[in-house]
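Throughout, read-outs are computed from the coordinates displayed, never taken from laboratory work. These figures come from a predicted structure and were not determined experimentally. Every residue, glycine among them, receives a Cβ derived from its backbone with ideal geometry; neighbour counts consider all protein chains shown.
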Amino acid sequence: MALWRIRATVDDRPGYLSVLTASLALRGVNILSVQVHTTEVGAVDDFLVDAPDTLGEADLLAAVERGRGRDCWVARSEARGLVDQPTRVLGLAARMVRDPEATGEALRILLGADEVTWRPMPANQHGGCAASSMLLADPTGGSYELRRREPSFTPAEYARAQALVELAATMVRRDVERVTLVLPDSTEAVVRPAAVDDLPGVVELYEGCSARTRQRRHPGGAAMWSPDRLRRLLDPARGATLLATIGSGGAAESIVAMANLSGEGDEAEAALLVRDDWQRRGLGTALLRRLLDRAERAGYVAVLLPVRAEDTAMLRAVRRLGRPAPVERDGSLLTITVPLAPRVAATDRAVAVPARTDRAG
């Protein structure tokens, strides 16, 4: 017996696939796996089969044609073809997480491409694929062009490839935006963008904070959000979430602070949560500066900071920004508005917030 890959198009009508598989079965061909790619011209069926040694390429082509298949392509396969497609894609995704620079090689393996070329120019805004070529937009800039003599590319393959490219771009962005902060007391923390899979660490951060600290993070609402709401916070539709971590990564990594920026219209709202044992080290101020930089790059005109009047740590952090910051008071709740331009020299007088010196909890 020998392994073969067979790809053929059949009419997307009830019973047509069974006619094709019956034609192969009559010749002793065992179908090990099948993928169906829906296209405008019919269903493209991609088979991995085990065929008797007496059958050659011409015999398999004839069997497909008798089974009402057309545009047939047949090629010998290797044992690695026995790995099912979802497992194969997940393996490549794991490789991309470890090494985003291997995107081109991963695309070649995923699609069996003859040629993969990255070009430092934007992809055609429509992208897509033709019979023997595929154009993928690289979110970090440029585009990937893939070529394969046969079989023809399908829309399903294009969607898988584009998803792989976007995963690589996400990992590149996270690596670029990952910085190590050296705080005034010489301690270090890594600041990076949050991801949905950080949810367990963020829940642990909340649970490790005192009730007073959690209340300061949510001055006008619940002191502890549900996991579903926290998950949305880690992947905001507009805005950004930054995490400050210590440890070497993975299970050894611990989240000690979180900074959130959520946008609506031309203004954004910022909030900080710093674990009690990491307060009064300058970490909150450093995170707040990075949130404002992101807000400026995104084109917001101001950032709002809802703060309790007794939250001296946040008030101190705002003063250190060196920006004019008008305050509106509603009982014990302050709303500080930080304009994003122009910047001014850092002086306590430039910041219109209470200059209390109470120790933060």
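Matching the structure-derived log10 I(q)/I(0) by the Debye sum over Cα atoms at q = 0.10, 0.12 Å⁻¹ against the labelled list [x] -0.85, -1.05; [y] -0.57, -0.83; [z] -0.76, -0.91 gives the label [z].
Amide H contacts under 5 Å for Ser33: Leu48, restricted to partners 5 or more places along the chain or on a different chain, H placed in the peptide plane at 1.01 Å from N.
Here the extension length gained between Leu90 and Glu296 equals 70.5 nm, from 0.36 nm per residue of separation less the Cα-Cα distance. Seen through its C-alpha gyration tensor, with square-root eigenvalues sorted a ≥ b ≥ c, segment 179-350 comes out rounded because a/c lies under 1.5. Give me the Debye-computed log₁₀ of I(q)/I(0) at q = 0.13, 0.25 Å⁻¹ for segment 2-82, equal point scatterers on Cα only, no solvent, two decimals. Values returned for q = 0.13, 0.25 Å⁻¹ are -0.34, -1.25. The peptide list 283-291, 63-71, put in order of mean Cβ contacts within 10 Å with the highest first, becomes 283-291, 63-71.
Exposure proxy shown here: for Cys129, Cys72, Cys209, the number of other Cβ atoms within 10 Å sets the order, fewest to most, as Cys72, Cys129, Cys209.
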